[in-house]
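Data first, discussion second: the structure below is written as structure tokens.
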Amino acid sequence: MKLLFLAAISALLSACATQIPSANDSTAIITFQNSAGDLLMANKVNGVSVDNGRYFSVSPGNNKLEVLITSGTGQESSYAMFATLEYSDFAADNTYEMRIMDKGFQKSLQLIDRTGSLLSERAL
């Protein structure tokens, strides 16, 4: 568990040297809003591993996104898990955001558009 957490942090830090691209006529970009204690990293798009864990770059239409979620600081209470979220209406030249929402005892993975509207949600 600690090894997975350290690998995720290492990958994130090494990716910081590259800039997140802008959405364009053929792709949409999904970034992450990380909260205290939770770290989201891109893992796969439609079953294919991504090169940079800091964002997703997707084609318009339906895409299945897999993220790695880590929590804590490597202590006994920390965890790492994979979660998928599918959305069928990604639009080119748009930006989206994924985040963890903590609703009391239940957390969920959310996809938000640039206006702040909730597009998709998955309980964790």
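The values are calculated or read from the model by the stated rules, or taken from the named source; none is laboratory data. Quantities reported herein were computed from a predicted structural model and do not represent experimental measurements. Backbone-built Cβ (ideal geometry, glycine too); neighbour counts: all protein chains shown. These area figures cover heavy atoms from the full protein model, side chains too; ligands, DNA and RNA do not enter into them. Shrake-Rupley method; radii C 1.70, N 1.55, O 1.52, S 1.80 Å.
Just a few scattered comments:
- Karplus-derived 3J(HN,Hα), 6.51/-1.76/1.60, for each residue of segment 110-124, Hz, glycine and proline x: 10, 10, 10, 8, 5, 8, x, 7, 6, 9, 7, 8, 9, 5, 9
- Distant-in-sequence amide contacts of F32, defined by a placed amide H-H separation under 5 Å and a gap of 5 or more residues or a different chain, comprise M98.
- Cut-off under 5 Å, modelled amide H: who pairs with N94 long-range: N24, I29
- Area accessible to solvent at R122, 1.4 Å probe radius, in Å²: 90 Å²
- FRET efficiency estimate (nearest 0.05) - Cβ-Cβ, D25 to F82, R0 35 angstrom: 0.65
- Computed with a 1.4 Å probe over protein heavy atoms only, the accessible area of L118 comes to about 90 Å².
- Separation in nanometres of the label points that stand 7 Å from Cα toward Cβ, at N34 and N62: 3.2 nm
- In sequence order, calculated HN-Hα J values of segment 29-35 (Karplus, 6.51, -1.76, 1.60; Hz; x Gly/Pro): 10, 10, 10, 10, 10, 8, 10
- Surface accessible to a 1.4 Å probe, E121 within the full protein complex, Å²: 80 Å²
- Here r is the Cβ-Cβ distance between D102 and K44 and R0 is 35 Å; the resulting FRET efficiency, rounded to 0.05, is 0.90.
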